[in-house]
Every structure is written in C-alpha cells, then in structure tokens.
Amino acid sequence: MAAPEIPKKQKAVIYDQPGTISTKVVELDVPEPGMGEVLINLTHSGVCHSDFGVMTNSWSILPFPTQPGQVGGHEGVGRVVKLGPGTERSGVKVGDRVGVKWVSSACGNCLPCQAGSDGLCFDQKISGYYTPGTFQQYVLGPANYVTPIPDNLPSDEAAPMLCAGVTVHAALKRSRARPGDWIVISGAGGGLGHLAVQLASRGMGLRVIGVDHGSKAELVKASGAEHFVDVTQFPTDDKGAAISAHVKSLAGGLGAHAVVVCTASNAAYAQSVQFLRFNGTVVCVGIPEGDPQPIATAFPGNILFQHYTITGSAVGNRTDAIETMDFAARGIIKSHFRTEKMEALTSVFEQMRKGELQGRVVLDLS
C-alpha cells in the first residue's frame with residue numbers, strides 16, 4: 001500500500017486546566033516515528049473514567065500531577081501511515097489497522113513483563129499521562145506493542161475494547177470463576193461493567209448478578225445478567241447487611257463465587273466481600289478517587305475462616321488484548337456506545353462526573 005500524505009499539523013484535545021473538568025481543541029505538530037516506532041493516523045478514541053481521573057488529578061495512586069497541555073486518551077484505533085527505523089521485522093506494515101492501549105509501551109524484559117504482567121512493567125509508558133495520548137489525530141506507538149485490529153471489527157467498536165474490554169477480560173480470568181459459577185459485577189451498567197457482564201455470561205458461561213443504579217437495569221439485563229440489583233433500593237446505614245443478604249439469596253443462598261468491582265465507589269468495595277461464599281474472590285478493578293479508603297468489611301477473621309481472596313487487576317497484557325479483539329470480532333462482546341466529536345469532550349466528562357453515562361463514549365477524531 002502506498003504511504004498516504006502526512007500533514008505537518010493535526011487536531012488534538014488537551015487538558016488545559018488539570019485539576020478541573022476542562023479540555024481544549026488545539027493544533028499540534030505531527031510527530032516523527034523514532035527507533036522501533038510507527039506513526040498511526042487515529043480515527044477513533046474511546047473515553048474512559050481513567051482519563052477523568054488523570055485530567056482532574058483525583059487519583060492519589062499517580063505519582064505526579066497532570067501537566068497543562070497533556071493530550072489524554074488511551075483507547076485509540078487507526079492505521080499505520082509511517083514506519084520508523086528498526087521496524088522491518090515487526091510484522092507491522094503501512095496500512096495496518098492497530099490500537100493503542102493504557103500501557104502504550106512495555107519493555108518486555110523486566111521480571112513483570114516476563115511474567116506476563118505488562119501493566120506492572122518497570123519501564124512502562126502510560127498513554128495520556130506524561131505520554132501523548134489518543135485524543136489526537138496522529139500518535140506514535142511501538143511497532144512491537146500496538147494491538148492488531150481484526151478486519152471485521154469496525155474501528156469505533158474496537159476502541160473501547162482496548163481498555164474496558166481488555167481490563168474486564170483480565171479481571172474475569174483472575175476471578176477464578178468457572179462455567180456455572182455465580183459472579184457479581186458491581187458497576188454493571190458502566191463502561192467496564194456492561195462488557196464484563198457480556199463476557200462473563202456469553203463468553204465464559206458464568207451466572208451474572210449485576211449491581212448498579214436502577215437507571216441502568218435495562219442495559220445490564222440486555223448484556224446478559226441473570227439478575228439485576230438496584231443499589232438505591234437498599235439502606236446505606238446498615239453496613240451492607242440488606243443488600244448482601246439479597247445478593248446471597250439470588251446466588252443459591254450461599255453467595256457468589258466471585259465479585260468483580262468495576263466501579264470506583266468505595267461503598268461498592270465495602271459491600272463486595274459480603275457478597276461472597278466460601279473460597280470466593282473479589283477482584284478490584286475500579287480505582288476510587290480522592291483519599292483511599294480500606295475495604296471496610298475485609299476483616300482478617302472473615303478472610304481466614306472463609307478462605308476469601310482479594311486481588312487486583314489493573315490492565316491486561318498483549319495476549320489479553322488480542323483475545324479481547326477476537327471476542328469482539330466474533331460478536332460475543334459489543335460495547336454500548338455513542339460517538340461524539342472532539343469538541344464535546346468536556347461535556348462528556350461532565351456527564352461522567354454526574355454518573356449519567358450508560359456504556360461508553362467514542363470520539364470521532366476526523
């Protein structure tokens with residue numbers, strides 16, 4: 001395929017006032033690919049709650065505050081338009097459709113990388129945080145780390161899979177749940193949650209109980225949940241006793257084999273352990289904002305005598321990403337999303353702050 005003409009300038013969205021909900025469309029130089037890199041002409045980028053956390057500096061786990069002018073985003077899909085030096089044996093060609101994930105680069109050599117834990121790489125780069133992200137028309141990516149996009153998967157559908165899809169796929173693996181087991185997806189109507197429900201029920205044969213705000217019941221049920229639990233219908237001053245009793249009754253009276261917490265809510269984490277049966281596992285996915293709070297119900301005695309496991313799952317690795325794309329290409333998982341232009345990003349983040357979004361938003365970068 002002949003190399004397309006590459007402009008000198010491009011449109012991008014920056015965080016112009018980090019610490020607040022504010023973005024600005026600007027014009028930036030199109031970068032040149034360096035050693036081992038490819039230049040990608042992005043057509044779509046998903047918008048993730050992680051972008052919100054980076055923009056507002058609301059994640060205490062991040063070591064440095066976000067700087068003004070940061071290009072956000074980490075769910076980008078586009079075509080390779082230029083190869084940098086040293087990419088001849090990468091297998092990536094001009095014209096290939098590829099994706100850029102939250103971890104935009106991993107060294108492949110450190111102990112976490114060797115163990116398949118790309119997200120823990122000692123020398124990783126995060127897309128949209130101290131590395132230019134995917135809210136722009138052109139972005140650089142390592143030829144050996146970009147994710148191939150299947151031919152029959154549209155770019156707008158592929159974008160949310162690069163973070164939300166990969167993340168829940170890895171989390172469900174870590175849950176140790178087996179076909180026929182009960183699993184609770186907390187935050188089941190959110191961007192991550194509705195994909196977790198689909199993959200758990202349709203791809204893994206799990207019996208799903210979705211927990212979320214009542215306004216998201218229809219989406220959660222349509223995604224494959226066997227039961228839906230509306231958190232607003234239970235008291236908030238009983239330390240989760242009523243809602244946990246209800247969830248356990250739905251799961252055969254004993255409770256769930258696993259709980260995947262896809263929401264950033266501290267209250268959801270506090271309830272999560274109470275949903276479990278013996279030998280159960282809680283997988284922590286959503287990152288609460290502000291001051292970190294402990295899982296209030298994770299008492300050592302309960303963990304010890306019920307053999308509970310509490311584990312984290314930040315992101316998936318390269319294999320998880322390829323497997324997720326295959327699930328999406330086969331129609332097993334499909335993101336519920338709407339498409340917006342770059343200029344709408346601030347309003348999208350406002351809706352995210354209010355908890356009004358159902359599913360995902362994908363930016364059309366044209």
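Every number in this text was worked out from the coordinates using simple rules, so none of it is lab data. The structure presented is a predicted model; accordingly, all values stated were derived computationally and were not measured. All Cβ positions, glycine included, derive from the backbone under ideal geometry; neighbour counts span all protein chains shown.
Filter segment 168-182 for residues that are under 19 Å from the mean Cα position of the chain (by Cα) and within 17 Å of ILE332 (Cβ to Cβ) and give the result.
Within segment 168-182, the first condition is being under 19 Å from the mean Cα position of the chain (by Cα), and the residues that meet it are 168-175.
Across segment 168-182, the qualifying residues are VAL168, HIS169, ALA170, ALA171, LEU172, LYS173.
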Practice item. Give segment 155-186 a look and list any residue that's in contact with a Leu (Cβ under 7 Å, 6 or more places away or on another chain) and assigned to a helix (DSSP H, G or I), or say none. Key: ALA164, GLY165, THR167, VAL168, HIS169, LEU172
Check your understanding: Which strands (runs of 3 or more DSSP E) sit wholly inside segment 64-131 and have at least 2 residues that are out of contact with any Asp or Glu (no Cβ under 9 Å at 6 or more places or on another chain)?
Key -> 76-83
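Among helices (runs of 4 or more DSSP H) lying entirely in segment 248-366, which contain 3 or more residues that are at positive phi and touching a strand residue (DSSP E or B) at 6+ places or on another chain (Cβ under 8 Å)? Let's see the steps before the verdict.
On the way: elements: 266-272, 300-306, 318-329, 345-354.
Answer list for segment 248-366: none.
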Practice item. Output the residues belonging to segment 241-259 that are over 14 Å from VAL229 (Cβ atoms) and touching a helix residue (DSSP H, G or I) at 6+ places or on another chain (Cβ under 7 Å). Key: LEU254
